[in-house]
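Worksheet for the structure shown next.
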Amino acid sequence: MTLMIKRTFILSIFMLATLVAGAQPAAVQNAAKAVFTLTTFNKDGSIHATSRGVFVGTDGEAISTWKPFHGAASAVVVDAKGNKMQVDALMGANELYDVCRFRVKGATVAAPVAKAPVAAGSKVWLLKYSLKKAKGEQISISSTEKFMDKFTYYLLPKMKVEIDESCPLVNQQGEVIGLLQQSETNGDVFSTDANFIKNGMKPLTGLSVNDRLLAQCGIRVALPTDYNQATLMLMMAGERNDSANYVACVDEFISKFPTKIDGYTSKARMLAAKGDEKAAQQLMLTALDKSDDKAVAHSEYAGLIYQRVVYNADTTKSVFTLPLALSEARKAYEISPQPQYRHQEAQILFAQREYQSAYDAFMGLTKTPLRNGEIFYEAAQCKSNMKAPFQEVVALLDSAVAACPKPLNAVSAPYILARGVAYDGAKQYRKALVDYNMYDTLLVGRAAPTFYYTRAQCELQLRAYKQAINDLAHAAVLNPAEPIYFAELASVQLRVGEYDRAIKSADLCISRDANAVDAYIIKGVALCQSNKKQEGIEVLLKAKEMGDKRADEYIKKFK
């Protein structure tokens, strides 16, 4: 009897040991809490794809396959407790290995990523998503391959993947070694090293916002951890037509770099643009308190106020004023007497129409390392507004051009154009034309249509009719919707006897503005000069009906 009991006891111990050997270790069970389900959506809110994934960081960092994100506009995850969280930003992706790293909004339960690979033949656990106690499945690693010298590519037995695709594979210590993946071409089952997904993909930079692969998903790219790269991304994100993602980018910048002014300034500008100046002001006051560079913070605040006052049509109810901007610029200079802050002060003085004070400040800056063409140009504007003699103004514009790097390039073009306009206004047309031609050369013929119209007017003063016709025609090509270019072109063509061309140009003007009475007069006269008097008089009668008193004189002349 005793022997039988001993045998039964030994058998029970053996069976228990067998069960324990096949049971999930506690570390594996804990790792199962990090598994989630992923759903991506199209722009219209319809479901784009569903998949799985695993959290690898307590701050929302997660990994999954890339395929569900490709072409999606947004995404959410539901964790093992049923909590739904919005996918906030992409942190990296690799199309070749079909993997993605991203971040959700909220704190998360994470599973550690294995630093060491597992060998071929080892048993690992496939952790499936469940809102109840997760059930793991043991799988043997068929074989392994190295890639990029330090990461491992796991080949797994053939199996039905289906809804378990992207679920994590973990070792006996509950560390994630990879994700369950299946080839769309041959059905092979494999797993890419989780350490590669978390640490091996190229790091984010300021240019990642334009990354070809990441751009295939509507979810924004996370900010780089480096401040300078993050600043670059903030600037580039602001240039994209995606306000929602830009707002999120700005908020992340403030959160990540709370002592840097860039994020506060960007958000304050958005608030001011929406008309919420009080909120913008309060945010900048917070920035002034937290910033690690008070001079820069005061200067940025001054710049925000200046831009808002100068470029906002209605400032009657604004909390921002130029005196406030001036005060902030001066505070920046008091903290750090850098010439750029003095320059900002001079620009604000100019906006306040304190031209003499602004002029003195600009000229003072010409004796600092900031000396450049812009400083002399701004000083010239001060002199012009003070009604100074022409020679004083043009001398400053000469200095503006002289201060530019040699050989002259597009940087110096605005100052050359300004000098040309000054000569033009003083009726020194030949000197004006020299500057106009130099400006056009520096811009490689890519100036605005208004420039070619202006140069044409100068050329007409010099009776350079052929050049004027070419410039007016070029202006019309650049902006074919503007009727005045066709009207002026028709006028010059009429003057030099190009009657057929004058008629065509006048018709083009009328097609854009049916009330362009000058075009009717030009067309009528050109028709009469072309021995089409009856047709021309009919056009002139049309001009008379429109109230133009010149029409009667021409009708009498050609009858």
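Some values worked out for this structure:
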item: From VAL492, VAL517, VAL477, residue being of a type in the set (Val, Ile, Thr) and under 33 Å from the mean Cα position of the chain (by Cα); result: VAL477
item: Search result, residues across the range 544-559 that are open to solvent by less than 70 Å² (accessible area, probe 1.4 Å) and of a type in the set (Asp, Glu); result: ASP548, ASP552
item: Residue ID - nearest to GLN340 (Cα to Cα), chosen from residues in the range 280-328 that are among the charged types (D, E, K, R) and either in contact with a Pro (Cβ under 9 Å, 6 or more places away or on another chain) or in contact (Cβ under 8 Å) with a residue 12 or more places away in the chain (or both); result: GLU300
item: Residue in the range 147-168 that is in contact with a Pro (Cβ under 8 Å, 6 or more places away or on another chain), of a type in the set (S, T, N, Q) and not in a loop (DSSP other than H, G, I, E, B) present; result: yes
item: Scope the range 159-183; condition touching a residue at least 24 places away in the same chain (Cβ under 8 Å), exposed (fewer than 14 other Cβ atoms within 10 Å of the Cβ) and not aliphatic (A, V, I, L, M); matching residues; result: GLN173
item: Tally of residues being assigned to a helix (DSSP H, G or I), more than 18 Å from PHE486 (Cβ to Cβ) and not hydroxyl-bearing (Ser, Thr, Tyr) across the range 426-465; result: 12
item: Inter-residue pairs, beta-carbon under 9 Å, first loosely packed, with under 12 Cβ neighbours inside 10 Å and in the range 429-450, second among the aromatic types (Phe, Trp, Tyr), 6+ apart; result: ARG430/TYR423
item: Within the range 184-217, considering residues that are of a type in the set (S, T, N, Q) and open to solvent by less than 30 Å² (accessible area, probe 1.4 Å), the one farthest from SER64 (Cα to Cα); result: SER208
item: Members of the range 307-347 found to be among the hydroxyl-bearing types (Ser, Thr, Tyr), at pLDDT 95 or above and under 28 Å from the mean Cα position of the chain (by Cα), listed by number; result: TYR341
item: Subset of the range 401-421 [open to solvent by less than 50 Å² (accessible area, probe 1.4 Å) and without any contact (Cβ under 8 Å) to a residue 40 or more places away in the chain]; result: VAL401, ALA403, CYS404, SER412, ALA413, ILE416, LEU417, ARG419, GLY420
item: Members of the range 75-91 found to be out of contact with any helix residue (DSSP H, G or I) (no Cβ under 8 Å at 6 or more places or on another chain) and touching a residue at least 60 places away in the same chain (Cβ under 8 Å), listed by number; result: ALA75, VAL87, MET91
item: Checklist (1) closer than 30 Å to ARG430 by Cβ; (2) buried (at least 17 other Cβ atoms within 10 Å of the Cβ) applied to ILE510, failing item; result: (1)
item: Single condition ILE141 does not satisfy, out of (1) buried (at least 17 other Cβ atoms within 10 Å of the Cβ); (2) touching a residue at least 40 places away in the same chain (Cβ under 8 Å); result: (2)
item: Test: GLY121 is within 20 Å of ASP188 (Cα to Cα) and free of Cβ contacts under 8 Å to residues at least 60 places away in the same chain; result: yes
item: Enumeration of residues in the range 120-138 that are among the polar types (S, T, N, Q) and open to solvent by less than 60 Å² (accessible area, probe 1.4 Å); result: SER122, SER130
item: Output for the range 227-256, where each listed residue is surrounded by 14 or more Cβ atoms within 10 Å (Cβ to Cβ) and assigned to a loop (DSSP other than H, G, I, E, B); result: ARG240, ASP242
item: Selected residue (only one of LEU489, LEU527 is over 16 Å from LYS542 (Cα atoms) and buried (at least 18 other Cβ atoms within 10 Å of the Cβ)); result: LEU489
item: Boolean, LYS556 is in a helix (DSSP H, G or I), at negative phi, at pLDDT 95 or above and out of contact with any Leu (no Cβ under 8 Å at 6 or more places or on another chain); result: no
item: Lone unmet requirement of (1) open to solvent by 70 Å² or more (accessible area, probe 1.4 Å); (2) more than 24 Å from LYS466 (Cα to Cα); (3) assigned to a helix (DSSP H, G or I) for ASN515; result: (3)
item: 1 or more residues open to solvent by 70 Å² or more (accessible area, probe 1.4 Å) and either at pLDDT 95 or above or touching a strand residue (DSSP E or B) at 6+ places or on another chain (Cβ under 7 Å) (or both): qualifying strands (runs of 3 or more DSSP E) within the range 1-117; result: 47-55, 84-94
item: Output for the range 330-360, where each listed residue is free of Cβ contacts under 8 Å to residues at least 40 places away in the same chain, open to solvent by less than 30 Å² (accessible area, probe 1.4 Å) and in contact with a Phe, Trp or Tyr (Cβ under 6 Å, 6 or more places away or on another chain); result: ALA332, ALA346, ALA358
item: The range 316-347, residues that are in a loop (DSSP other than H, G, I, E, B) and either among the aromatic types (Phe, Trp, Tyr) or at positive phi (or both); result: PHE320
item: Cβ-Cβ under 6 Å pairs, at least 6 apart or on other chains, the range 373-400 side farther than 16 Å from LYS431 by Cβ, far side at pLDDT 95 or above and open to solvent by 50 Å² or more (accessible area, probe 1.4 Å); result: LYS383/GLU392
item: Qualifying positions in the range 257-293 - open to solvent by 20 Å² or more (accessible area, probe 1.4 Å) and not in a helix (DSSP H, G or I); result: PHE257, PRO258, THR259, LYS260, LYS274, GLY275, ASP276, ASP292, ASP293
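Yes/no matrix, rows are residues, columns are (1) touching a Ser or Thr at 6+ places or on another chain (Cβ under 7 Å); (2) assigned to a helix (DSSP H, G or I); (3) farther than 19 Å from GLU535 by Cα:
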position	(1), (2), (3)
GLN467	no, yes, yes
ASP471	no, yes, yes
VAL477	no, yes, yes
TYR485	no, yes, yes
GLU488	no, yes, yes
VAL492	no, yes, yes
GLY497	no, no, no
ILE503	no, yes, no
LEU508	no, yes, no
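The values are calculated or read from the model by the stated rules, or taken from the named source; none is laboratory data. Every value quoted in this text rests on a predicted model; they were computed, and no experiment measured them. All Cβ positions, even for glycine, are placed from backbone atoms using ideal geometry, and neighbour counts span all protein chains on display. Accessible surface areas use protein heavy atoms only, side chains included; no ligands, DNA or RNA. Shrake-Rupley method; radii C 1.70, N 1.55, O 1.52, S 1.80 Å.
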